[in-house]
Every structure is written in structure tokens, then in C-alpha cells.
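Novice: Let me begin by handing over the structure; questions about it come next.
Bear in mind these aren't lab numbers, they're just calculated from the coordinates by the rules spelled out. If you're wondering where the values come from, they're calculated on a predicted model, not measured in any experiment. Reconstructed Cβ throughout: ideal geometry from the backbone, glycine too, with neighbour counts over all protein chains shown.
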Ligand SMILES: Nc1c(O)cccc1[N+](=O)[O-]
């Protein structure tokens, strides 16, 4: 997978060198390039923003440098982190993991001139994504989140692909609680079932815990579950 990130704060993306993403880059699974948007400015002050048409607070990112940047870097799937985007979810992460090429546009100020996205959409897929209903300074931290969620799904990145199966949201539910040694810690025991060696009981216990957690913490996820996702055991519960 080839990834290009365009930002006015390239140093924000330094964490891409670390951990699993850094390893994916080193092993050739992932090719990432971070670009300073000001590369595509032509004035002496390297201006990237201007006042909004229609008035209002703040500044808007000018279309010219973005147009030049996307002309050079495209085509690819353009991802624009934005509070106005579609919710970023695990299914969307899986969809993006299947793309050969992602281009991230990091907006700042009040956002990017809409014509940049409209013009790009004439020649490549464009998706505005939101991490949640809150306001950030810009899209850079969202790029780190989206990229981590996507890259860890790429074949060869995780040592044990099985861990993708059990984790939260992999089956639409929150994952069950986890425990490790010691069996007793500050008078708190590990649930007996997890030490029973009965793999059928353990699987059922974990499934029950997932359903309970999801019902308590994220009831919004339950209606989305397709009927076949609830096996015979669940229905009996
Ligand atoms: N919420 C927000 C923002 O305020 C600015 C850029 C990106 C996001 N987001 O992805 O959620």
C-alpha cells in the first residue's frame, strides 16, 4: 500500500516511524510519504489560507496549493478527516485496507475550500471521515488513528492474524474482559471459567461477556447485528 499525507505540520506525522507502522514501512508492506502543503505554494509568504467567502470566523485553506498537490500525488483514494465526515468504523478500515493507494488531506483552520474535494471527486474516490463529534485543531491526529486502524489489517503486519478475530468490533461486539497471571491479585481472582481448561465453556463465557458489555456500553451496536451474528446459544440467553 502506498500512502501520501499532505499537511502544513509534517512533524505531526513523526509517529508514523514508530511501532507496527514503522515495521510495515521497513518490510515494504507500506510506503508512506509525508508532504508539506506549502511545497505547492508560489508566493513569497507560502500562503495556504484566506478569509472565508460569506464572512464568518477563521480562515479557509486556499484551493490552489491543494489542487497542485493532488494533481501531482493522485490518483488514489482521497481521505479527508473532518468533523463533517462519515463516522470512521472498523468496516471502513477494512475497506480502506483493500485500497492500493491512499492520499490523506489534513485540513486546518475552518477547513479546505470545498471545490478541492469536488474537483478531486471527478477523478478519484473522496471520503470525508470523522473520528467523533468533537472539534480538533486539524486532521493530522485523525490520520494517525485511521492509518493505524488500516495498516494493522494489512497481511503480514500483525505477527498473529488470529488477534484480528477476537478483538473489539471485529464481530460487531465489544471484546470480553481479559486476564493474565497471577490467578489472585489484591484479593481479586481470575474468573474460574478461564482457568477451567474447558474451551467450550470459555468461548461461551467470552461471548456472553461481549454481549453484556455491548448491551451496557454500546447498545447502539446491537440493532446493527445481523440475525445470523447471534448464534443459537445467544438466542437462548
Ligand atoms: N473532529 C475533527 C476535526 O475537528 C478536525 C479534523 C478531523 C476531525 N475528525 O476526524 O473527527
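Novice: Could you pull out which residues in the range 88-126 have an amide N less than 19 Å from a spot 7 Å beyond the Cα of residue 9, following the Cα-Cβ vector?
Specialist: 104-113
Novice: Shifting gears a bit: Please express the shape of the chain as an equivalent ellipsoid: the semi-axes are the square roots of 5 times the eigenvalues of the C-alpha gyration tensor, given largest first in whole angstrom.
Specialist: Gyration-tensor ellipsoid for the chain: 42, 20, 17 Å.
Novice: Taking 0.36 nm per residue of sequence separation and subtracting the Cα-Cα distance, how much length would be gained by fully extending the chain between residue 45 and residue 188, in nm to one decimal?
Specialist: Stretched out fully, the residue 45 to residue 188 stretch lengthens by 45.3 nm.
Novice: Given 0.36 nm per residue, what is the gain on full extension from residue 115 to residue 203 after removing their alpha carbon distance, in nm?
Specialist: Additional length available on full extension: 26.5 nm.
Novice: With springs connecting C-alpha atoms under 10 Å apart, model the chain as a Gaussian network and identify which of 37, 131, 194 has the largest mean-square fluctuation.
Specialist: 194
Novice: Mind checking which of 43, 31, 187 has the largest fluctuation in a GNM of the chain, springs on alpha carbons under 10 Å?
Specialist: 187
Novice: To the nearest 500 deg cm²/dmol, what mean residue ellipticity at 222 nm is calculated for the chain from DSSP H runs of n ≥ 4 alone, each contributing -39,500 (n - 2.57), summed and divided by the residues?
Specialist: One gets -9000 deg cm²/dmol as the mean residue ellipticity at 222 nm.
Novice: Now a separate question. At a Förster distance of 22 Å, what's the computed FRET efficiency of residue 180 paired with residue 218, Cβ-Cβ distance as r, to 0.05? Don't skip to the answer; put the middle values down first.
Specialist: Details: r = 25 Å, r/R0 = 1.13.
Calculated value: 0.30.
Novice: Okay, next question. If R0 is 25 Å, what FRET efficiency do you get for residue 26 and residue 195 from their C-beta distance, rounded to 0.05? The partial results should precede the final answer.
Specialist: Numbers: r = 39 Å, r/R0 = 1.57.
That gives a FRET efficiency of 0.05.
Novice: Additional query: Select from 22, 159, 55 the residue whose mean-square fluctuation is largest in a Gaussian network model of the chain (Cα-Cα springs shorter than 10 Å).
Specialist: 55
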